[in-house]
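A short reminder: the numbers here are calculations on the coordinates, not readings from a lab. Here the structure is a predicted model, which means the values were calculated and not measured. Virtual Cβ from ideal backbone geometry, glycine too; neighbours counted across all protein chains shown.
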Amino acid sequence: MGNFLNMIKRMKQLFARIGVLLLLLWVASSGIAQDLIARQAPVDKKLKAVDSLALVIQIKTELTEFPAFDIYPSWNKKSVHTYEGAKVPDSYIFNLSGFHMPTPNTRVTSKFGPRGRRMHNGIDVKVQIGDTIYAAFDGKVRMVRNQGRRVGYGRYVVIRHPNGLETVYGHLSKQLVAEDQLVRAGEPIGLGGNTGRSFGSHLHFETLFLGIPINPAFMFDFPNQDIVADTFTFNYSKSARKSDVVSGDGTIYHRVRRGDTLSRIASQRGVSINTLCRLNGIKRTSILRIGQVLRCS
């Protein structure tokens, strides 16, 4: 009798399972299951879109708050040019789109390169005291300082940009931004002036990469108020020594040391004395001064 009851119980369980399967088959064939799946698909898509948008916003925020954070080792507010521990790549491409000329004035009064015993790390553009100076690209203000009367840059601003460049605006009469402030390309950041080591009002404009000066003329065409190209490729010379000044196009400038002569420098650099003289506008009989900067390539 017990075995018979157990058999009946098992048969009921079997019929119950068959019923569930038949019900599922009916639901599937009726299109209800497909409809539920179809309704869920847009929901999943929207959730993914929201997640992607949030990620994009987060990345943009980080790039704005910490421009070029993957290149620069620190947010240094102590020095314009020095970056300890920075690893300089052999080559780097700068995106110059989204630029704005720092001044509408077109007259360049002093070019990048050796200037007597010193290296002129930027270009000077004639402006009047009070002329508006603009940020060249979107970025974040790293330094707003005043070096004092007849010293260095005078009143100046340094901005770091997401494309990896840093720009310096010197000899200002007034700064219109504060350190750590976010700025947009074309936003006023200062007024033209004659502060610092300056003889007549002008804008001293520098472009830097990890503290290395790059000739702004490679990127900015002030006479035509435009950029030279949409991108600029920075090349770093491994042959340069620590005391050398290296431009962003790989050009090497030699700083004269005690005991240096034109023949010795020419031999070290693998160039002729005539080439050194031509590049620097000097003669074979010119007297070299310690600290003088000579272009070697």
message = Can you compute the FRET efficiency between K283 and R115 using 1/(1 + (r/R0)^6), with r the Cβ-Cβ distance and R0 = 22 Å? Round to the nearest 0.05.
response = 0.75
inquiry  = Among the listed pairs K126/K283; K111/K140; K87/K140, which have their C-alpha atoms separated by more than 28 angstrom in this model?
reply    = K126/K283
query = Taking 0.36 nm per residue of separation and subtracting the Cα-Cα distance, what length does fully extending V228 through R257 add?
reply = 6.9 nm
inquiry  = How many angstrom lie between the Cα centre of segment 112-177 and the Cα centre of segment 251-277?
reply    = 31
inquiry  = At 1.567 mPa s and 4 °C, plugging the Kirkwood radius over alpha-carbon pairs of segment 256-297 into Stokes-Einstein gives what diffusion coefficient in µm²/s?
reply    = 127
query = Counting other C-beta atoms within 10 Å, which of R149, R160 has the fewest, and how do the rest follow?
reply = R149, R160
request  = Using the Karplus curve 6.51 cos²θ - 1.76 cosθ + 1.60 with θ = phi - 60°, work out ³J(HN,Hα) for each residue of segment 271-283 in order, rounded to whole Hz, and write x for Gly and Pro.
outcome  = 10, 8, 4, 4, 5, 4, 5, 5, 5, 10, x, 10, 10
note = Quick note on S263, S91, ordering by fewest other C-beta atoms within 10 Å, gives S91, S263
